[in-house]
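These notes concern the structure reproduced below.
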Amino acid sequence: MATMQDVARLAQVSVSTVSYVLTGARPISQATRDKVLAAMTQLDYQPNAMARGLASRRSRIVGLLLPMDERGIGATETAFVTGAAAAAGAAGYHLVLSPIGVGDLDELRRLASQRMLDGALLMEVQLDDPRVDVLRETGVPLVLIGRTSDTTGLSYVDIDFDRTVRDAVDHLVGLGHRRIVYVNHSADAIAAGYGPALRTRDAFAAAMTGHGLTPLMIAAGDSAAGGRAALATALRQAPDLTAVLAMNENAVFGLFGELSTHGLTVPDDVSVVSMVTSPQVAELATPALTAMTSPGSALGRIAVETLLRHLDGGSGEIHQQLLPCALEVRGSSGPPGTASRGGHDLAASTEAARRRAATRRRA
């Protein structure tokens, strides 16, 4: 394998000149540059990315700080990552995924102080996110995929939750639903100030009130079991519900299971709409989920492009952008069932559905 010394020998220049051609640290005449590049081509020399980075004081690495638990990341989160990775790669950067959350500030300070990253992207942003302060203190350029409550001087890209929730509620109300329950993320996520959970909670209340309807939100653990428990709670608090809006795709399949346990079908008895969801996840359900499709890949790409502009131009111009989710109607939403239109509550409909199921089993 050819080395920098081999290139210098063939081009009849010093090793430092080869380094300057690679890094741009000093101006080199075009004639000398052409000789070095020709030697590199002839020797099939592959410059070491880290060596180039050290010489130019750039690591060519950007970090994506994405907290993770034992569940890992699902298809919807993966879209953010792949969009960011593709944009970084196209610009000659490497994207490194680091599971650093708000409880890992010492680890973040260590990472930032070692100058291993040229810049950072933050996901799973809380309204008051101490990771922002740490990165600012250590001088690491950053862009948020999400928003804090105070975004002064911060670049971010995020989902337009107000419009997304409003479009989802409008879809269900347009079908004739009046008793809609919102299944959010967990109570712990809400208490911790997780931005999407709080913004969608408030947006749902506003959208329902705007239609003259009463909002009801149920917190749910991020799991199928959490979805089952949330639906059971919803049926107790709103036995006349005809639609469920959820922004917790890990819980959605538990919702379907609990509805089936009560003898209820989707969408004949209860419609279900999932928010911030990838098409891959939506198609896993039976029937396929009507969903507000996440713009995750686009947000990941825009975040990286914004960060790289900051790196290339110093502080750069602050960029703040919201993208809504797009409604994709599939099989899980439809008009309210006949029982609901006739004024019967869901408890009666549930009991009737159980009797029908029992009759079919005996037959």
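Read-outs: derived from the displayed coordinates by stated rules, not from any lab. Since we're looking at a predicted model, the values are computed, not measured. All Cβ positions, glycine included, derive from the backbone under ideal geometry; neighbour counts span all protein chains shown.
May I ask you to derive the FRET efficiency for Ala91 and Asp268 from their Cβ-Cβ distance with R0 = 41 Å, giving the value to the nearest 0.05?
0.25
Under a crude label model (7 Å from the Cα following the beta-carbon direction), how far is Asp150 from Asp133 in nanometres?
1.0 nm
Note the full-extension length gain between Ala75 and Thr41 as 0.36 nm times their separation in residues minus their Cα-Cα distance, in nm to one decimal.
Stretched fully, the Ala75-Thr41 segment lengthens by 8.2 nm.
State the answer as a single residue: which of Val36, Pro336, Leu323 lies farthest towards the positive end of the charge dipole of the chain, with beta carbon charges of +1 for Lys and Arg and -1 for Asp and Glu, about the Cα centre.
Farthest towards the positive pole: Val36.
Under a crude label model (7 Å from the Cα following the beta-carbon direction), how far is Met68 from Ser260 in nanometres?
2.9 nm
Give the dimensionless ratio obtained when the Cα radius of gyration of the chain is divided by 2.2 N^0.38 Å.
Relative to the 2.2 N^0.38 Å estimate, the chain comes out at 1.28.
Give, rounded to the nearest 20 debye, the magnitude of the charge dipole that the chain has about its Cα centre when Lys and Arg contribute +1 at Cβ and Asp and Glu contribute -1 at Cβ.
Dipole magnitude for the chain comes out near 580 debye.
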